[in-house]
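S.K.: Dropping the structure in here first, questions after.
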Amino acid sequence: PFPGPGLGIRVMGEITEDRLHILRQADAIFIEELRNANLYDKIWQAFCVFLPVQTVGVMGDERTYDYVIALRAVESSDAMTADWAYLPHALLQKASSRIINEVKGVNRVVYDISSKPPSTIEWE
């Protein structure tokens with residue numbers, strides 16, 4: 001979405017500096033893990049989405065009530081249609097674990113397996 005609305009379309013709900021900060025950190029981890037797995041150049045588009053949903057989790061001995069990050073990776077040739085990318089479970093596990101442990105304010109990561117159509121590539 002650049003130039004244009006930029007990261008604003010990847011933050012669902014109210015756009016705040018805190019939410020953008022969380023999104024940037026999560027996205028950097030996801031892209032880094034795709035690069036480490038030599039998949040970044042094979043995926044047509046990949047990014048994270050900040051969801052304004054707080055869920056219960058446990059970190060150490062404490063209960064948390066933090067946000068959700070969605071991972072999105074698609075394959076396409078023209079952006080008119082797209083299929084979700086079949087990423088290795090090990091990559092998804094590592095990206096999820098790192099995001100939850102390294103990004104303050106996140107306790108859940110989900111992977112979007114929606115195709116276009118009926119969904120769109122971006123969430124907004």
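S.K.: Within the range 2-31, track down each residue that is of a type in the set (Asp, Glu), under 18 Å from Lys104 (Cα atoms) and out of contact with any strand residue (DSSP E or B) (no Cβ under 6 Å at 6 or more places or on another chain). Let's see the steps before the verdict.
M.R.: Of the residues in the range 2-31, the ones of a type in the set (Asp, Glu) are 14, 17-18, 27.
If we keep only those that are under 18 Å from Lys104 (Cα atoms) too, we end up with 17-18, 27.
Answer for the range 2-31, where residues must be of a type in the set (Asp, Glu), under 18 Å from Lys104 (Cα atoms) and out of contact with any strand residue (DSSP E or B) (no Cβ under 6 Å at 6 or more places or on another chain): Glu17, Asp18.
S.K.: Looking at the range 1-29, I want the residues that are modelled with pLDDT of 95 or more and have a partner that is part of a loop (DSSP other than H, G, I, E, B) with Cβ atoms under 6 Å, at least 6 apart or on another chain. Which pairs are those?
M.R.: Cβ pairs passing all conditions: Ile22/Val103; Ile22/Gly105; Gln25/Val103; Ala26/Val103.
S.K.: Would the range 6-29 turn up any residue that is farther than 24 Å from Ser119 by Cβ, among the acidic types (Asp, Glu) and loosely packed, with under 15 Cβ neighbours inside 10 Å?
M.R.: Checked against the condition, which is being farther than 24 Å from Ser119 by Cβ, among the acidic types (Asp, Glu) and loosely packed, with under 15 Cβ neighbours inside 10 Å, the range 6-29 yields at least one hit.
S.K.: Please enumerate the residues belonging to the range 53-106 that are touching a Cys at 6+ places or on another chain (Cβ under 9 Å) and under 20 Å from Thr120 (Cα atoms).
M.R.: Ile69, Ala70, Leu71, Arg72
S.K.: Looking at Val68, Val56, can you tell me which residue is within 11 Å of Arg108 (Cα to Cα) and surrounded by fewer than 16 Cβ atoms within 10 Å (Cβ to Cβ)? Talk me through it step by step, then tell me what you get.
M.R.: Values: Val68 fails: surrounded by fewer than 16 Cβ atoms within 10 Å (Cβ to Cβ).
Val56 is the lone residue from the list that is within 11 Å of Arg108 (Cα to Cα) and surrounded by fewer than 16 Cβ atoms within 10 Å (Cβ to Cβ).
S.K.: Any idea which residue in the range 90-114 is nearest to Tyr67 (Cα to Cα), counting only those that are part of a loop (DSSP other than H, G, I, E, B) and in contact (Cβ under 8 Å) with a residue 40 or more places away in the chain? Let's see the steps before the verdict.
M.R.: Just the residues of the range 90-114 that are part of a loop (DSSP other than H, G, I, E, B), to begin with: 103-105, 112-114.
From the residues that got through so far, the ones that are in contact (Cβ under 8 Å) with a residue 40 or more places away in the chain too are 103-105, 112.
Working: Val103: 10, Lys104: 9, Gly105: 6, Asp112: 16 Å.
Here the residue is Gly105.
S.K.: Hey, could you check the range 71-99 for residues that are more than 13 Å from Gln45 (Cβ to Cβ) and exposed (fewer than 12 other Cβ atoms within 10 Å of the Cβ) and say which is modelled with the lowest pLDDT?
M.R.: Going through the qualifying residues, I end up with Met80.
S.K.: Kindly list the number of the only condition in (1) under 21 Å from Thr16 (Cα atoms); (2) in contact (Cβ under 8 Å) with a residue 24 or more places away in the chain that fails for Ala73.
M.R.: (1)
S.K.: Moving to a separate point now. If a residue has to be out of contact with any Asp or Glu (no Cβ under 9 Å at 6 or more places or on another chain), under 14 Å from Glu32 (Cα atoms) and of a type in the set (D, E, K, R) to count, how many in the range 73-104 make the cut?
M.R.: Final tally of qualifying residues: 1.
S.K.: Among the residues of the range 31-55, how many are in a strand (DSSP E or B) and either among the basic types (Lys, Arg) or free of Cβ contacts under 8 Å to residues at least 12 places away in the same chain (or both)? Lay out the reasoning, then the answer.
M.R.: Narrowing the range 31-55 to residues in a strand (DSSP E or B): 45-55.
Going one step further and asking which of them are either among the basic types (Lys, Arg) or free of Cβ contacts under 8 Å to residues at least 12 places away in the same chain (or both), we end up with none.
Number satisfying all stated conditions: 0.
The values are calculated or read from the model by the stated rules, or taken from the named source; none is laboratory data. Just so we're clear, the structure is a prediction, and the values are computed from it rather than from any experiment. No Cβ is skipped: glycine too gets one built from the backbone with ideal geometry, and neighbour counts run over all protein chains shown.
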